[in-house]
Amino acid sequence: MNRIITMAISALLLCSCSEEANELQEENQQSANELQNQENQVVTKSVGSKVMMQAFYWDVPGNGVWWNTVSSKIPSWSSAGIDAIWLPPATKAAGGGYSMGYDPFDYFDFGSYNQMGNTETRFGSLSEIQSLISTAHSNNISVIADIVVNHCSGGASEYNPYTGGYTYTDFQPASGMFARSYHDFHPNDVHSSDAGAFGGYPDLCHDKVYVQNWLYNNSNSIAKYYKNVMGFDGWRFDYVKGFEPWVVKNFKNAVGGFTVGEYWDGNAATLDWWTEQAEASAFDFACYYRMRDAFANNDLTYLNGDMLLKRNSYRAVTFVANHDTDEIYSNKLLAYAFILTHEGYPCLFYRDYEDWLDKSKLNNLIWVHNNLASGGTSYLYADNDEYVARRNGSPGLVVYINNSDSWQERWVDTNWSNTVIKDYTGHSGWEPTTQGDSWVKIQAPPHGYTVWSVK
């Protein structure tokens, strides 16, 4: 087990004793917090059955107001059909009150220690995030923590015998939890590197038992503290290309909970491989890029392309935009019509929902997803302007996306014989009756969509 050491043996012993005392104090506090959390927590519906909300964007307002802002939105999000919110990295980072959290320093400081220039994080205080999580649970919404464990930032300079120079790898967080030294980063006595470093930050070595213990094995590890003390329900892993899939697998197996990784790759086969190795979901970048190309090139046949949702819908988290990438500039509602009618677990982007798009239309699509979109998918038709697909569950649906400049009509094969159907978006007033052989003519407006199901 590697620990922060000095060159003097006596200093090592003093540090070890101090750490043991700190860990004992933290474990006692954790036990009390766990009891309180268990008393207050409301059992939430299984995440993944409805729609996720990415509850932030890059450079959200600072000054510690974001947790309260999100809390105020939760009741209306729950009413709309959201079953989980994904929060940004919630603990103190090297950038202090200016940081979005992706430069982690103290994994246990949720806004209660005066370090890195301030006490609160950019998003708020410990009590405010605790209130947010409680509000979410009371509204039957799960809370997904953003986990950044590829790299760290904010360490002090120390001599590093593995590099022969000085590196910023001396981490002494005010929480007293998960101190780190050059032993815990690359290069070290295990190997010089792992799957990938990021941005020149100290690259955490997940093969070190000490690191594994603090991530998920210890009773007061990040995984168990976040789950049992803070009350998080699931995990979004940042930059999983930077370390091996077993890290995510071990973390998830230690505490359970919905788990999704950011494996930024447009190759559906690669995403499928990673989800199998990590035993976790992944953001469906293959779907994202097919949608981007479909609307940028005015060619909806791209929607017939390879996607994770078509290989393993159970592991696919679909999205139209996020804090890192937002390239579907036009026809964005059509992209949401795609992910909210197809298989996979759709994730909405905060700014699209709250600021940029028609919220009533998004709420309608959320309702469609939660009430009509079930079963496998049959891909019925695609050309430059039109795309039609059918969900084969009960009641199921037919979605018709039209990217042309005029109304379009098309005969399609449904699962309903001699049945009156209607468009649940309200874009069409037709209420046709399917033929005995289940065929029917439907329509869609210019640069719009319709969703048909049993009346």
Dipole in debye (nearest 20) - the chain, about Cα centre, beta carbon charges: Lys, Arg +1; Asp, Glu -1: 1080
Amide H partners (placed H, <5 Å) of Phe237, local residues excluded: Ile147, Val260, Gly261, Glu262
Residue-by-residue Karplus 3J(HN,Hα) for region 281-290, coefficients 6.51, -1.76, 1.60, Hz, glycine and proline x: 7, 9, 5, 7, 5, 4, 4, 4, 5, 5
Under 26 Å from the Cα of Lys227 - lysines, other chains or at least 8 residues apart: Lys45, Lys50, Lys73, Lys92, Lys208, Lys241, Lys249, Lys252
Taking only Cα atoms of region 323-455, radius of gyration then Dmax in Å: 14.4, 49
Tyr381 long-range amide H proximity, modeled H, under 5 Å: Val388
³J(HN,Hα), Karplus 6.51/-1.76/1.60, whole Hz, each residue of region 260-277, x for Gly, Pro: 9, x, 8, 9, 7, 7, x, 8, 5, 5, 5, 4, 4, 4, 5, 4, 5, 5
Residue-wise HN-Hα coupling along region 388-399, computed from phi with Karplus coefficients 6.51, -1.76, 1.60 (Hz; x: Gly, Pro): 9, 9, 10, 9, 9, x, 10, x, x, 7, 10, 9
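State to the nearest 20 debye the size of the charge dipole of region 76-149 about its Cα centre, where the only charges are +1 on K and R beta carbons and -1 on D and E beta carbons.
60
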Spread of Cα-to-Cα distances over 10 Å intervals beginning at zero, given as percent, for region 258-335: 21, 52, 25, 3
Charge dipole of the chain about the Cα centre (unit charges at C-beta), most positive-ward option of Phe185, Ala337, Trp439: Trp439
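Taking region 252-301, which GluC sites (Glu not before Pro) meet the DSSP loop condition and have no more than 15 other C-beta atoms within 10 Å?
Glu279
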Inter-label distance for Trp407 and Ser330, nm, one decimal - labels placed 7 Å from Cα along Cα-to-Cβ: 2.3
Lysine pairs within region 313-455, Cα separation less than 20 Å, 8 or more sequence positions apart or different chains: 7
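Once you have the Cα-Cα distance between Asn392 and Val420, take 0.36 nm times their residue separation minus that, and quote the gain in nm to one decimal.
8.4 nm
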Diffusion coefficient, µm² s⁻¹, Stokes-Einstein with Kirkwood Rh over alpha-carbon pairs of region 82-201 at 10 °C and 1.306 mPa s: 102
DSSP-defined beta bridges in the chain - what % are antiparallel, rounded to 5: 60
Where labels lie 7 Å past Cα in the beta-carbon direction, separation of Val209 and Ser157 in nm: 3.4
Region 167-187-region 59-79 distance, computed between alpha-carbon centres (Å): 32
Cut-off under 5 Å, modelled amide H: who pairs with Asp109 long-range: Lys92
Average accessible area per residue (Å²) across the chain - probe 1.4 Å, nucleic acids and ligands excluded: 38
Computed FRET value (nearest 0.05) for Asp306 with Asn63, which takes r as the C-beta separation and R₀ as 51 Å: 0.70
On Cα atoms only, tilt of 245-255 relative to the major axis of the chain in degrees: 80
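Test of the criteria: in region 49-83, which chymotrypsin sites (Phe, Trp or Tyr not before Pro) are in a DSSP loop and have at most 12 other Cβ atoms within 10 angstrom of their Cβ?
Within region 49-83, the qualifying chymotrypsin sites (Phe, Trp or Tyr not before Pro) (loop, at most 12 other Cβ atoms within 10 Å) are Trp58.
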Accessible area of the chain belonging to carbon and sulfur atoms, whole % at 1.4 Å probe: 47
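The values are calculated or read from the model by the stated rules, or taken from the named source; none is laboratory data. Values in this document were obtained by computation on a predicted structure and should not be read as measured data. Backbone-built Cβ (ideal geometry, glycine too); neighbour counts: all protein chains shown. The protein model used for the area step is the full one, side chains on, heavy atoms only, and it has no ligands, DNA or RNA in it. Shrake-Rupley method; radii C 1.70, N 1.55, O 1.52, S 1.80 Å.
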